[in-house]
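These notes are about the structure you will find just below.
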Amino acid sequence: MRTTIAPLVLFDLDGTLVDSAADLLAAMNRLRADEHLPPLPMDGFRQVVSKGGRAMLRVAYPELDEHEREARLPVFLAYYAERLAEHSTPFDGIERVLAAIEASGARWGIVTNKALYLAREVVAGMGWATRCALLVGGDSLPAKKPAPDQLLHACRELGVAPAECVYVGDDERDIIAARAAGTKSVAALWGYRGDDEDPFAWRADACAVQPIDLLADGRLEPMRGAA
């Protein structure tokens, strides 16, 4: 279906553009192996990938307190950094969506809570380094999602009004940030979330069951009334 695409489409990274769970789980299981612990299954772990390293450590080490888990975070991230694009792949249909955005003359970028040095390597591993108009990491600014700062920064850097931008993400924090920034939000239902999370309760402007749905029904159009 033909659709008008906003001048700027921004995406979350893990769970939205890239299925990175396998590489993150491999790093976590390497950490556990160092402590002679059995490997974790993907079930349960995958659901919290979008919530960051500390959430993944809570799943991996539920018996430890926050201080003990925090001490393991640097090693987990170091292991992940060594092999962060070995098994990670774009979700099915994402390449077609990115190509359609580019063919329309619009630009696309990434706003993620992932540390910038890790996000850069993932983007490079996907072959997107020269295609992505802008990459904002979780440590690029003092505040990160659900604060709107990263999205507002991206819009300013690329000279696009927030109302003319669309943000796609698979976590409630993405939708909250988009709403606060004044950008249109699209909930990516193919991403990582727990069984107790209801994405329809996030009040996104639109939802997409699979990436290719982004190209239908005006999901990537700017908000009505945008200049």
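The values are calculated or read from the model by the stated rules, or taken from the named source; none is laboratory data. Quick caveat: nothing in here was measured; it's all calculated off a predicted structure. Using ideal geometry, Cβ is built from the backbone for each residue, glycine included, and neighbour counts are taken over all protein chains shown. Just the protein is used for accessible areas: all its heavy atoms, side chains included, with ligands, DNA and RNA removed. Shrake-Rupley method; radii C 1.70, N 1.55, O 1.52, S 1.80 Å.
Key figures
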{"read-out": "Net dipole in debye of segment 25-125 [+1 Lys, Arg Cβ; -1 Asp, Glu Cβ; about Cα centre; nearest 20]", "value": "260 debye"}
{"read-out": "Cα-projected label distance for residue 63 with residue 158, points at 7 Å along beta-carbon direction, nm", "value": "4.7 nm"}
{"read-out": "Dipole of the chain [Lys/Arg +1, Asp/Glu -1 at C-beta], most positive-end residue of 103, 138, 24", "value": "103"}
{"read-out": "Two-site label geometry, residue 33 and residue 141: point separation in nm, points 7 Å out along Cα→Cβ", "value": "3.9 nm"}
{"read-out": "Whole-Hz ³J(HN,Hα) from phi, Karplus 6.51 cos²θ - 1.76 cosθ + 1.60, for segment 68-82, glycine and proline x", "value": "5, 5, 4, 5, 8, 4, x, 5, 4, 5, 5, 5, 5, 4, 5"}
{"read-out": "Angle in degrees between helix 21-34 and the longest Cα principal axis of the chain, rounded to the nearest 10", "value": "20 degrees"}
{"read-out": "Helix 149-158 vs. the chain, principal-axis angle (Cα, 0 to 90°, nearest 10)", "value": "50 degrees"}
{"read-out": "Calculated [θ] (222 nm, deg cm²/dmol) that DSSP helices of n ≥ 4 give over the chain, each run adding -39,500 (n - 2.57)", "value": "-10500 deg cm²/dmol"}
{"read-out": "Interchain or long-range residues, amide H under 5 Å from residue 19's placed H", "value": "89, 91"}
{"read-out": "Prolate/oblate/rounded label for the chain (Cα gyration tensor, a/c 1.5)", "value": "prolate"}
{"read-out": "Percent carbon-and-sulfur accessible area, the chain, ignoring ligands, DNA and RNA, probe 1.4 Å", "value": "51 percent"}
{"read-out": "The chain, relative contact order [Cα under 8 Å, separation at least 6], %", "value": "28 percent"}
{"read-out": "For segment 116-126, 3J(HN,Hα) per residue [Karplus equation, 6.51 cos²θ - 1.76 cosθ + 1.60, θ = phi - 60°, Hz, x = Gly/Pro]", "value": "4, 5, 6, 4, 4, 5, 5, 4, 5, x, 7"}
{"read-out": "Under 5 Å, built H, 5+ apart or other chain: amide partners of residue 108", "value": "9, 133"}
{"read-out": "Gap separating the Cα centres of segment 87-133 and segment 8-79, nearest whole Å", "value": "21 Å"}
{"read-out": "Accessible area expressed per residue, the chain, with surrounding protein chains retained (probe 1.4 Å, Å²)", "value": "46 Å²"}
{"read-out": "Karplus (6.51, -1.76, 1.60) ³J(HN,Hα), θ = phi - 60°, over segment 133-148, in Hz, Gly and Pro reported as x", "value": "6, 6, 10, 10, x, x, 10, 6, 9, x, 10, 10, 3, x, 5, x"}
{"read-out": "Relative contact order, percent, segment 103-186 [alpha-carbon distance under 8 Å, six or more residues apart]", "value": "25 percent"}
{"read-out": "Amide H partners (placed H, <5 Å) of residue 185, local residues excluded", "value": "167, 205, 206"}
